[in-house]
1. Filter region 370-381 down to residues that are loosely packed, with under 15 Cβ neighbours inside 10 Å and under 22 Å from residue 344 (Cα atoms) and give me whichever is modelled with the highest pLDDT.
2. For the structure I just gave you, tell me whether residue 327 is part of a strand (DSSP E or B) and at pLDDT 90 or above.
3. Considering every residue within region 114-131, establish whether at least one is under 29 Å from residue 86 (Cα atoms), within 26 Å of the chain's Cα centre (by Cα), in the same structural domain as residue 62 (by TED's automatic domain parsing) and surrounded by fewer than 23 Cβ atoms within 10 Å (Cβ to Cβ).
4. Taking residue 62 as the residue in question, decide whether it is in contact (Cβ under 8 Å) with a residue 24 or more places away in the chain, under 27 Å from residue 164 (Cα atoms), among the acidic types (Asp, Glu) and touching a Lys or Arg at 6+ places or on another chain (Cβ under 6 Å).
5. Residues 74, 96, 100: which one is touching a Cys at 6+ places or on another chain (Cβ under 7 Å) and surrounded by 16 or more Cβ atoms within 10 Å (Cβ to Cβ)?
6. Restricting attention to region 205-235, and to residues there that are of a type in the set (Gly, Ala, Ser) and in contact with a helix residue (DSSP H, G or I) (Cβ under 7 Å, 6 or more places away or on another chain), which single residue is nearest to residue 171 (Cα to Cα)?
7. When you scan region 330-367, how many residues do you find that are part of a helix (DSSP H, G or I) and either of a type in the set (Phe, Trp, Tyr) or on the phi < 0 side of the Ramachandran plot (or both)?
8. Where in region 76-163 are the helices (runs of 4 or more DSSP H), entirely inside, with at least 1 residues that are closer than 13 Å to residue 65 by Cα, in contact with a Phe, Trp or Tyr (Cβ under 6 Å, 6 or more places away or on another chain) and at pLDDT 95 or above?
Amino acid sequence: MTSSQRPIGVIGLGEMGGTIAQRILAVGHPVIGLDKSPAVEDLDSSGFERVQVPAEVAGRCDVVLVIVHNDDQVREVLLGERGIAEAARPGTVVVVHSTVDPATCTALADELATHDIALIDAGMSRGRGSMRDGVLTLFVGGSADTIEAARWALHLYSNNIVHAGPVGTGMVLKLCNNLLLHANRLAMLEVAHIASTAGLSRESLLDGVRSSTGSSWVLEHWGKKDEDALDAGIGSHPFVDRTTREVVLALKYAKRLGLTLPATTATGKYLPDILTDGLPAHFGSKADGDGRPAGLIRRNRIIEEFRANEGRLGGIRESWKILLLTTVGARSGQRRTTPLSYQAEGDNLYVFASDGGNEKTPDWYHNIRANPKVTVEIGARKFEATAIEVTGVEREEVFTRQIERDPEFARYEASAARAIPVITLREAGA
């Protein structure tokens, strides 16, 4: 039996994997599939067989598609107990479709090579048509020989195969494409918000932009999720999770390259919350139904997550290094808690009154000037402290070091057109 006669393995039969498997079956080629979730039903085709472990797939297929959720799951499928590496024949090609860190692909390719198994990474992007009809772009990273060996299988469900370069570059291209997609979605939501506030109908906006230089994939596929994001949001949804994860991956990768991405940072900061709660809840001109000022929903969600997980945040905020600072309102006398970026230098703990580059200093800064006694939460630890503003040469030195750690603070100061106050928090009794 030649490679092109053997079944194609598909590990992960969710939205994307299931659709790809159905397409392969529709063109008359057998599929051996695997999904650990019992909620995923078997595909209705005589050419489909479901197995229980990755080794069973690898033992019977020369090309195996991996379409699971994250890096850890990809590693487990390939190298875990009864994984692909245990049973695949020499020359087997593993195609990683999951959106993962490019470094994960290169590391796994090196490991599989010791078993004489080849790996290519193939980021997926929908085209102007249906995946069920084989309309799918693949951004592929790997050697030309390996891609050629698997091309017969890839062409069963993809009409556009782009060879990006060596292993890992397929994911780099996928992340770049998705950054444009997500940043454009945020821009389109803001544009739609401007237009509706100004009295311009949605139909006029979309028709006008569609025929001009601002047109995009997001505009061409404008739909219910976008309309919901302009209202009350779509809530907790896999679409939000996927968007968040892709932006997080891109930001982490950029950081390893030593790059600062202001537009991507802003997209990650705002888009997931806007999709979840709706744009008016965060940037509307009125308070929400509970009377809280616009924007407090995001802050309160961060505080709740911080306290529930001993200072650890997830999603786009996973890499944030923050503490919670509780001050007493200068006018209200009420206790107010604010999440803040911080830096620890020896026994010194510094926070910065940047407010993301806002022209005005934040409320918490005015509170500590009136009453410097504060409560600090870092991780699972909570303590009382005194907030003292750092001035002169010390302030310049501390802020310069902060810019070196996080170049965004240079942009904050330039945008604010003010010297950003630097505060040291001295633990009571220390």
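1. The residue in question is 373.
2. Values: part of a strand (DSSP E or B): yes; at pLDDT 90 or above: yes.
It is true that residue 327 is part of a strand (DSSP E or B) and at pLDDT 90 or above.
3. Step one: of region 114-131, the residues under 29 Å from residue 86 (Cα atoms) are 114-124.
From the residues that got through so far, the ones that are within 26 Å of the chain's Cα centre (by Cα) too are 119-124.
From what's left, in the same structural domain as residue 62 (by TED's automatic domain parsing): 119-124.
From the residues that got through so far, the ones that are surrounded by fewer than 23 Cβ atoms within 10 Å (Cβ to Cβ) too are 124.
Taking every residue of region 114-131 in turn, at least one turns out to be under 29 Å from residue 86 (Cα atoms), within 26 Å of the chain's Cα centre (by Cα), in the same structural domain as residue 62 (by TED's automatic domain parsing) and surrounded by fewer than 23 Cβ atoms within 10 Å (Cβ to Cβ).
4. Working: in contact (Cβ under 8 Å) with a residue 24 or more places away in the chain: yes; under 27 Å from residue 164 (Cα atoms): yes; among the acidic types (Asp, Glu): yes; touching a Lys or Arg at 6+ places or on another chain (Cβ under 6 Å): yes.
Judged against the criteria, residue 62 is a match.
5. Working: 74 fails: touching a Cys at 6+ places or on another chain (Cβ under 7 Å); 100 fails: touching a Cys at 6+ places or on another chain (Cβ under 7 Å).
It is 96.
6. Filtering region 205-235 down to residues of a type in the set (Gly, Ala, Ser) leaves 208, 211-212, 214-216, 223, 229, 232-233, 235.
With the extra rule that they be in contact with a helix residue (DSSP H, G or I) (Cβ under 7 Å, 6 or more places away or on another chain), the set shrinks to 215-216, 229, 233, 235.
Working: 215: 25, 216: 22, 229: 28, 233: 29, 235: 28 Å.
Looking at the filtered set, the residue picked out is 216.
7. So in region 330-367, the residues part of a helix (DSSP H, G or I) come out as 355-357, 363-367.
Still in the running and either of a type in the set (Phe, Trp, Tyr) or on the phi < 0 side of the Ramachandran plot (or both): 363-367.
Looking only at that region, the number is 5.
8. On the way: elements: 84-87, 102-113, 144-154.
Output list is empty.
The values are calculated or read from the model by the stated rules, or taken from the named source; none is laboratory data. Keep in mind it's a predicted model, so treat the numbers as computed, not measured. Cβ atoms come from the backbone with ideal geometry, glycine included; neighbour counts cover every protein chain shown.
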